[in-house]
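Just so you know, all these numbers are worked out from the coordinates, no wet-lab data involved. Small disclaimer: the values here were computed from a predicted structure and weren't measured. Neighbour counts run over all protein chains shown; Cβ positions are idealised from the backbone, glycine included.
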Amino acid sequence: MINFNNVELIMTAGFPSQFPTDNKPQIAFSGRSNVGKSSLINTLLNRKSLARVSSSPGKTITINFYEIDKQFYFVDLPGYGYAKRSNEDQRKWSTLVDGYMTNKEIPLRLIVQLIDLKTGPSRDDLTMFDWMIQTDTPYIIVATKADKLNVTGRRKALADLQRYGDVIPFSALKGEGKQEVLNKILEYSEV
């Protein structure tokens, strides 16, 4: 049984050469800036602020590797789609994330693709879905901020999102979806 309370930030990588090379399975968390990746990771790991929320969206251009019970990694990818990012920052982001996603040496088992349920998928999210499908990369969709919609709006938003795959509604505030996400992570991590 995995102890999700036994977690350690192993590396904050700003360059592909810094990625861990120990061949432990990796579960990557992807989504646009301000979608709630830090809130999801903190909820899954029973922490308040292990994954830090950036003071300004789009500011973080590093990949954080959290070792879970010495068995596998949660990989927190930097958020995409933030319009105010400079061209230089966009280039750094692209080089870093492309270096991660295209590295055949990385034992990437699953991408947890976060979508804000209230706003739906962005153009960048749709590009990500296309990439995951074309590369046959396993993924699950976590619909964040699920508590922000009324019953009718939530039902419609979930139905719209399900055309891209199985969706797990998630609320950091209420803890909804936490166990379902953990079950999928355990299924794909192969530990």
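Scanning the range 132-160 for residues that are touching a residue at least 40 places away in the same chain (Cβ under 8 Å), over 30 Å from Gln71 (Cβ atoms) and surrounded by 15 or more Cβ atoms within 10 Å (Cβ to Cβ) yields Ala157, Leu158. Take the residues in the range 122-144 that are within 13 Å of the chain's Cα centre (by Cα) and either in a strand (DSSP E or B) or among the hydroxyl-bearing types (Ser, Thr, Tyr) (or both), then tell me which one is farthest from Arg163 (Cα to Cα). My answer is Thr144.
Mind checking which residues of the range 8-23 are touching a residue at least 12 places away in the same chain (Cβ under 8 Å) and surrounded by fewer than 18 Cβ atoms within 10 Å (Cβ to Cβ)? I'd like the intermediate steps shown before the answer.
Step one: of the range 8-23, the residues touching a residue at least 12 places away in the same chain (Cβ under 8 Å) are 8-16, 19-21, 23.
Scanning the range 8-23 gives Glu8, Leu9, Ile10, Met11, Thr12, Gly14, Phe15, Pro16, Pro20, Thr21, Asn23.
Residues in the range 93-121 that are assigned to a loop (DSSP other than H, G, I, E, B) and under 19 Å from Ala13 (Cα atoms): Thr102, Asn103, Lys104, Glu105, Ile106, Pro107.
Among the residues of the range 123-156, write down those that are under 13 Å from Phe170 (Cα atoms) and among the aliphatic types (A, V, I, L, M).
Matches in the range 123-156: Ile140, Ile141, Val142, Ala143, Ala146, Leu149.
Residues in the range 67-109 that are more than 25 Å from Glu187 (Cβ to Cβ), touching a residue at least 12 places away in the same chain (Cβ under 8 Å) and of a type in the set (D, E, K, R): Lys84, Arg85, Asp89, Lys92. Number of residues in the range 175-185 that are surrounded by 12 or more Cβ atoms within 10 Å (Cβ to Cβ) and not in a helix (DSSP H, G or I): the value is 2. For the range 99-119, a residue qualifies if it is β-branched (Val, Ile, Thr) and closer than 19 Å to Ser38 by Cα, and the qualifying residues are Ile111, Val112, Ile115, Thr119. Set side by side, the residues Ser189, Ser122 differ, and just one is hydroxyl-bearing (Ser, Thr, Tyr) and closer than 18 Å to Ser33 by Cα, which is Ser122.
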